[in-house]
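Working notes, structure below.
The values are calculated or read from the model by the stated rules, or taken from the named source; none is laboratory data. Quick caveat, the model's predicted, so the values are computed rather than measured. Cβ: placed from backbone, ideal geometry, glycine included. Neighbour counts: every protein chain shown. Ligands, DNA and RNA are stripped out before the accessible areas are found, and what is left, the full protein with its side chains, is counted by its heavy atoms. Shrake-Rupley method; radii C 1.70, N 1.55, O 1.52, S 1.80 Å.
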Amino acid sequence: MKALIYLFVLLMLPVSFPSKGAVRDIGVDGLLDEELWQKATNHDETYQVSPQTFRKLNNNFSYKFITSEQGIYLALTAIIKNKLRLRTQENDKLFTNDHFQVMLDMDNSGQTSYVFSVNHQGNYFDGIYKQDKELDLDWSAQWQYAVNVTDDFWTAEIFIPWSSMSFSIQKQNQFGLAISRLDEASNSTYASIPANSTMNSFLQLFSKHNVVVKSHSGFDIYPHISLNRDIINNDESADIGAEIFWKPTKNQQISATLNPDFGQVESDELVVNFSAIESFFTEKRPFFNENQSIFDVSGPETLRIVHTPRIGGDAYYDDDYSSDLDAALKYTYANDNFALGLMSAFESSLDKNSTGRDFWLMRGQYYFGENKLGISLNNVSTPSVERQAQILSTDFIYTLSDSTEFNVGIINSRVEQQTLPIDGVGWWITGSSEFSINHSHEFSLFSYGENLQLNDIGYVKRVNRKQFEYEYQYQIPDLNLWSIRDMAFSLESEIKTNFQDKKLPLLFGFGIEFVTEDEFEYQFSIEHGSSGYDDFLTRGYNSLWLPSFYITELEVSSPEYLWGKFGFQFELGTEGFSGRFYNIQSSIEQQFNDNLYVSFTMSQYNSDSWLEWDEGNIIDEFDFTEQGFEISVNYQITDNHEIRIKLESVIGKAKHLANYQVDSNGKAIQTNESGDFSFAENEFQLRYKYSFSKLTAFYLSYGFGGEFEDEIAKFGKRNLYKKAIESKEAHNIFAKLRLHF
């Protein structure tokens, strides 16, 4: 019923479509032969930003750009010094070969930037770069590009319409621009500005340009139909839904989704999680990625005020709850100094005796200069457990200078569930400073109360924590000593306790990273933790006292050769009751021909004192082994046809050593014996994709996955892999067509 109401409201909206505009004088073909390009100003002064020397260079790449009321045209030219590497990969994935990246800060606020990238093969990715130094590739937009490769250089021609981005409209809009190129010949990055994305001042140093932006309305609809064949249950289902995006003016957008799916065309990574910390998965649904940055508020300990996979997913506080998302609606508005976001979503419970959850989210932001003040109010109703949760937060990002910034946040949760209301409070202060190009400092100080509950709509790894973290890094670019090209040192420390004033382990670490002249990368680190309580293992029961521990890690990455690359990682240390562990992972990626790219990863973890929670104050100690592999194949049939195969499998064997009860003093007292166990999990997907255009595609996938458990651990490793393949708790054929109008 709610979905029908939404559909009726949308049909009643006074929709107006954008005009086609004037005939363009530039054809986006990658040749750069139009007269307008011959007259445009050529910019060839660039800076080496990785390694971070900021040395000027005039013969790496050049760029031109032309703005109009409809958008921006860019002509990019890269000098070729060595044969360029070919990589068969999906679009919307980070590149490892030669490519350009264009970044636009359309609000000129130094808060976020739209990212558009093209490599010499004509692959692309787009996304949003945020002030917290994260690149979100789940955002997608409609823009044009073409490339042309010669023996001496390759060119990219790009047109980005203003309508593909959301920003506050001004009569004379000023935007920020930064262009960079990864030059695979030198394994270095060069940019149009003397800054890179690891710096606090990165967004503030964009070059500034004025343009008259034409204000018009826009309307996009993405209907989809999906068919699923459940082979296990001999069941078939069909779903029809849509995402709708309407811009009545340039600084407003109304978005709606009806019956969205979780994007089954791409499977999540296989994660075997025995810990008390919930696994974190990113959002893949277009509605929750489009124009979503206003709701993105983060803090230490991976805190997210809004974590949209909660909507239409499992309920964190009700293990038995399952639902479908009927509909969601979002409204955003922005002007020069203020932005507002409203979002609501409604679920239908699969249990006929229960009602689905309702979500109401509101966010306001005020900008002054390069600073931002924000307030969020979120409300979630979970009728299945008679739960009402309200989360109120305030955050402030303050830029003290080009090199120093602070992030302050306060959050309050209020939960009503069958008993008296429960209030929880948390706050954080983070800061980073770069006094020179060689030195950087970062710190975080936070307090998350034991009653703080965010996971109705947000995400946080753990609460009941008072913690301070500090990290220092010193970089030496262009060292040129003993075949070492550049080097970096880092120091870190972590001091923490909980609200019961338990002595938690203190952590101290040191790391060194260097790159050789032949482009091998080496990283070595060592971390020491003092003795202290583990207050998380028993899920809120008595805390366990553990001895001190150490962890050493070595990681080696080869250069990107024409055929591919390889890597190796080794970790060694102590854990549990002074037991030893090691973790080995190796990988190889190979380009077999122009169209076929294969990657293979193997890993093994061994521990002779692996601790696992049983129940209450009972824990078990095991001699534990976990082994796994992943195979990924990308085959590009033509520019529009691609096939992807992914197989992941993980097995584990645990030999029981002892059973303990943790007393109130944290001491582990040995009790009754328990048994061994083993497990196996796997996930397989074969996916075909045909792209009609950048935002219209047909998907067909076949996949299966499952897990096997053996309580007496009678099977060997080879048989466990076999059992993993045979276990098919999910076994589906899935087809989806997504269109764009």
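Cross-link partners for K247 among the lysines, with Cα-Cα distance under 20 Å and sequence neighbours closer than 8 places in the same chain left out: K20, K171, K214, K330. Over the chain, Cα pairs under 8 Å with separation of 6+ residues give a relative contact order of 9 percent. Restricting region 642-724 to chymotrypsin sites (Phe, Trp or Tyr not before Pro) that sit in a DSSP loop and have at most 14 other Cβ atoms within 10 Å of their own Cβ leaves F692.
Charged side chains reduced to their Cβ positions (Lys and Arg at +1, Asp and Glu at -1) give region 24-180 a dipole of some 460 debye around its Cα centre. Other residues within the sphere of radius under 13 Å centred on the Cβ of D535, judged by their own Cβ, net out at +4 (K and R +1, D and E -1). Taking Cβ atoms as reference points and 13 Å as the exclusive limit, the residues near D98 contribute a net charge of +2, counting Lys and Arg as +1 and Asp and Glu as -1.
For H439, the accessible area of its heavy atoms, probed at 1.4 Å with every protein chain present, is near 70 square angstrom. The largest-to-smallest principal axis extents of the Cα set in region 650-707 are 65, 25, 10 Å. Leaving out same-chain residues fewer than 8 places away, which lysines sit with a Cα under 25 Å from that of K502? List returned: K461, K466, K667. For region 343-407, GluC sites (Glu not before Pro) meeting the loop criterion (DSSP other than H, G, I, E, B) and having at most 13 other Cβ atoms within 10 Å: E386. Karplus-based coupling profile of region 413-429, in residue order and whole Hz: 10, 10, 10, 10, 8, 6, 10, 5, x, 10, 9, x, 10, x, 8, 8, 9, with θ = phi - 60° in 6.51 cos²θ - 1.76 cosθ + 1.60 and x standing for Gly or Pro.
Surface composition of the chain: carbon and sulfur make up 54 percent of the accessible area, probe 1.4 Å. Among the trypsin sites (Lys or Arg not before Pro) within region 337-421, those in coil by DSSP and having at most 11 neighbouring Cβ atoms inside 10 Å are K352.
Give the angle, between 0 and 90 degrees and rounded to the nearest 10, that separates the Cα long axis of helix 717-726 from the longest principal axis of the Cα atoms of the chain. Value to nearest ten degrees: 60. A convex hull fitted to the Cα coordinates of the chain yields 169 cubic angstrom per residue. The residues of region 530-594 have, on average, 50 Å² of accessible surface per residue, using a 1.4 Å probe with all protein chains present. The base-10 log of I(q)/I(0) for region 278-419, evaluated at q = 0.12, 0.14, 0.15 Å⁻¹, reads -0.55, -0.73, -0.82 [Debye formula, identical scatterers on Cα atoms, solvent excluded].
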